[in-house]
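Quick notes on the structure that follows.
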């Protein structure tokens, strides 16, 4: 215990110096192998935390996440290190190494490490590009390779993880999936809340097949932090899964990282998130695009009403600008 706290005390200033000294060039293949081994070592270290976490205050838990970040930074791998620590009600730590975000804004992560005690067991997930994804569970002697969808979460249905709060659009999605074509047997897993990795972690651990975060105009909810999305994008990519918007587009993760705070009109809340095994993505996007149709602008709604009443035939005619006094402005 004292050794860990002493390491924490030294680690924070080291972290600040390390982060300033790391260049932003993309890591090389050899460097990624070094970082992959460092992530595996950090995942092993994290297995000690469940016994220690109850004795640590919140700020010490945050410092424990910084210790892991320093451990990875000491591998001298070039890139940009980002991290997120979620301490209450359960400990969750995310550390991620980004490569060239300008060239690859939707998949910038090169190395990811996720540790969570939010479920019924503590688990550490780590991955690096082209090296695969691995899970190290509490009590396990060695890590196991992760492949999304194998085995499936259920033998009789596809498990869809959705927010805890219901809305009409989610109802439309469920009906579409169950009744279109041959129909898809579904089991719903409602998010309990309080976890920054919930749903995405279920996909990686085989407890869900589909993760759906609807756009914010459907149901107000808390989106996963951008650092968490970056980490899971790589974990999913390396394990046969995919992550994008509910409309089938890629998520601009670099833009999300630069947003100081999520608002309803910013990228991730506006477009939602879909994560699943990659072979299911196109099918699910068709269903979600139909269910989560963006609301029309006020002017379009007004014109629709006028068309129905016969006041507007669809032709606007010449356009002119009028000032507040009623005078016409020149274009």
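Points to keep in mind about this one:
- Taking label points 7 Å from Cα along the Cα-to-Cβ direction, residue 41 and residue 147 give a separation of 3.0 nm.
- Efficiency of FRET between residue 157 and residue 324 - r from beta-carbon atoms, R0 51 angstrom, step 0.05: 0.25
- Spatial separation of Cα centroids for the range 106-143 and the range 197-270, in angstrom: 17 Å
- Fewest-first sequence of 80, 286 by Cβ atoms within 10 Å of each Cβ: 286, 80
- For peptides 172-185, 223-236, sequence by mean Cβ density within 10 Å, most packed first: 223-236, 172-185
- Model label points for residue 250 and residue 171, set 7 angstrom from Cα along the Cα-to-Cβ axis, are 3.7 nm apart.
- For the peptides 150-163, 239-252, 112-125, the ranking by mean Cβ contacts within 10 Å, running from highest to lowest, is 112-125, 239-252, 150-163.
- FRET efficiency estimate (nearest 0.05) - Cβ-Cβ, residue 137 to residue 106, R0 51 angstrom: 0.95
- On the beta carbon distance between residue 290 and residue 121, with R0 = 45 Å, the FRET formula returns roughly 0.75.
- Between residue 302 and residue 187, the contour length at 0.36 nm per residue exceeds the Cα-Cα span by 37.5 nm.
All of the numbers you see were taken from the coordinates with simple rules; none came from a lab. Just so we're clear, the structure is a prediction, and the values are computed from it rather than from any experiment. All Cβ positions, even for glycine, are placed from backbone atoms using ideal geometry, and neighbour counts span all protein chains on display.
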